[in-house]
Every structure is written in C-alpha cells, then in structure tokens.
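A short reminder: the numbers here are calculations on the coordinates, not readings from a lab. Since the model is a prediction, treat every value here as computed from it, not as a measurement. Positions of Cβ are generated from backbone atoms using ideal geometry, with glycine treated the same way; all protein chains shown enter the neighbour counts.
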Amino acid sequence: IDTSYVEHAYIEPEAGYAFMDGDTLVVVACTQAPYMDRDDTAKVLGLAPEKVRIVPTATGGGFGSKLDVSLQPLIGLVAMKTGRPAALAYTRNESMISTTKRHPARMRASIGADADGRITGMVFAGDFNTGAYASWGPTVANRVPVHASGPYATPNYRAEGRAIHTNGPIAGAFRGFGVPQATIMQETLYDELADKLGMDRL
C-alpha cells in the first residue's frame with residue numbers, strides 16, 4: 001500500500017519578527033520547539049546559542065510542522081544585517097511550498113491467523129519518503145515498527161521502517177509520526193483477513 005504527502009494546513013501560517021537586543025538576536029515567532037529553533041537559528045547564522053533568544057507566540061496549529069525552523073533565520077539575518085526589526089508572515093502558498101509534509105509511505109505486510117481467527121504473526125516493512133533532507137525522517141522510521149501491529153496481540157512480529165532520501169519535497173513531523181500510514185496498512189490487512197476467514201471485521 002502506498003500513501004501520499006499530506007499538508008498540515010494549520011489555520012495560522014508561519015509568522016514572526018526579530019530584533020537585536022544589544023548583541024542578542026531576539027526572534028518572536030510561532031513555534032512548537034523554541035530551544036530547537038534557538039540552536040538551529042544560531043547554527044545557520046553562525047552565532048553562539050546563548051546569543052539567540054526565541055520567544056514563542058501562541059501557535060495557531062502546528063501538528064508537528066512547526067518543530068522545524070522556518071522563517072526564524074530569515075528574519076534574524078535581516079535584523080542582524082540592518083540593525084532594525086524585521087517581520088515576515090508566510091502566505092498560505094508560501095507556507096505550503098516551503099514547509100514539511102507527512103511522509104509518503106510504501107508499505108508491505110502480511111499477517112497470519114489460525115482457523116479460529118487468532119492472529120499468529122505479522123511481518124511489516126515500510127519505506128518513508130523523507131525528501132532531500134532528514135528532518136524528522138529517522139524518528140518516523142524508528143517509531144513505525146513499534147506501532148505497525150496496532151492494538152492487536154501479535155505473538156510473532158517483525159517490522160522494519162526506513163527513511164529514504166529522494167528528490168521530492170521534504171517530509172517531517174506530523175501528528176502520529178508514521179503511525180497513521182502504518183494504520184492504513186494494518187487495518188486494510190485485517191479487513192482482508194476477516195474476509196478470508198469468513199469472520200465479521202469487528
């Protein structure tokens with residue numbers, strides 16, 4: 001089963017402003033991870049982390065995408081170079097073009113059951129397209145095997161998840177970290193298994 005990219009489509013696109021407070025860069029922006037933003041912004045701009053202060057605003061939705069830095073280094077650079085405050089708010093189009101998506105997945109799995117319908121085992125393998133950069137791809141790939149069998153008692157279980165680099169858009173954190181994709185696979189399989197066993201799917 002293959003799944004596709006999914007856009008976060010949070011109600012508030014990325015927005016923020018930055019200014020210099022002495023020799024400290026202050027960035028006020030919507031974020032889910034101010035400390036990661038501080039470290040990433042400092043690295044991009046060649047600053048020590050203690051010279052960057054991130055002030056998170058109330059986030060109008062993030063769903064994982066705002067774990068990655070977006071406009072913070074951009075407005076920070078303008079504030080540093082001009083010595084004046086800088087502000088930026090992405091349009092919906094800019095947000096959709098420049099931010100991460102849910103990982104598309106290509107998954108293969110098989111399950112077995114005895115004649116009474118008790119599950120005997122499952123094998124799962126999933127490749128998750130993380131695009132040109134890793135973002136949260138390794139985390140997604142590591143999380144999926146933990147959840148791919150779902151809430152079902154599965155005595156024999158083997159699962160593998162891989163984050164694959166491609167030339168596609170960057171995929172990153174999105175609620176569930178790969179679990180929604182794996183759930184599509186597992187529930188499709190369990191429906192097919194119930195049909196083959198002549199059992200009610202519920």
Amide H proximity to Thr57 below 5 Å, modelled H, separation 5+ or other chain, gives Ala29, Cys30, Thr31
So how far apart, in nm, are the two label points at Thr59 and Glu192 if each is 7 Å from Cα heading toward Cβ? 3.7 nm
Per-residue HN-Hα couplings for segment 170-179, Karplus 6.51 cos²θ - 1.76 cosθ + 1.60 at θ = phi - 60°, whole Hz, x for Gly and Pro? 6, 9, x, 5, 8, 2, x, 6, x, 5
Label zone at Ala9, where the point sits 7 Å out along the Cα-to-Cβ direction: segment 91-118 residues whose backbone N lies under 19 Å: 91-105
Relative contact order (%) - segment 31-135, alpha-carbon pairs under 8 angstrom, separation at least six: 20 percent
Whole-Hz ³J(HN,Hα) for each residue in segment 114-124, computed from phi via Karplus 6.51 cos²θ - 1.76 cosθ + 1.60 with θ = phi - 60°, x for glycine and proline: what do you get? 7, 4, 8, x, 6, 5, 10, x, 8, 10, 9
Percent RCO, i.e. relative contact order, over the chain, from Cα pairs under 8 Å lying at least 6 residues apart: 22 percent
May I ask you to evaluate 6.51 cos²θ - 1.76 cosθ + 1.60, the Karplus curve with θ = phi - 60°, for each residue of segment 45-58 and list the ³J(HN,Hα) values in order in whole Hz, giving x for glycine and proline? 8, x, 10, 6, x, 6, 9, 10, 10, 9, 10, x, 9, 4
Can you spot the aspartates and glutamates whose alpha carbon is less than 15 Å from Lys101's alpha carbon? Ignore those fewer than 8 places along the same chain. Glu7, Glu14, Asp68
Taking alpha-carbon centroids only, segment 168-202 lies from segment 15-83 a number of Å equal to 37 Å
Counting only DSSP beta bridges with both partners in segment 15-98, the antiparallel fraction in percent, to the nearest 5, comes to 60 percent
Could you rank the peptides 58-64, 104-110 by their average count of other C-beta atoms within 10 Å per residue, with the highest value first? 104-110, 58-64
Only counting other Cβ atoms within 10 Å, I'd like Thr154, Thr31, Thr188 sorted with the fewest neighbours first. Thr188, Thr154, Thr31
Per the rule of 0.36 nm per residue minus the C-alpha distance, extending His165 to Asp21 adds in nm 47.9 nm
If each of Asp200 and Tyr35 carries a label point 7 Å out from its Cα toward its Cβ, how far apart are those two points in nm? 5.0 nm
Apply the Kirkwood formula to the chain: the hydrodynamic radius equals the inverse of the mean of 1/r over all pairs of different alpha-carbon atoms; give it in Å with one decimal. 18.9 Å
Which residues' amide hydrogens lie under 5 Å from the amide hydrogen of Gly131, considering only partners 5 or more residues apart or on another chain, with H built in the peptide plane? Thr166, Gly168, Ala171
For the chain, calculated [θ]222 nm from helices alone, where every DSSP H run of n ≥ 4 adds -39500 (n - 2.57): -9000 deg cm²/dmol
With +1 on each Lys and Arg Cβ and -1 on each Asp and Glu Cβ, how big is the dipole of the chain about its Cα centre, in debye rounded to the nearest 20? 380 debye
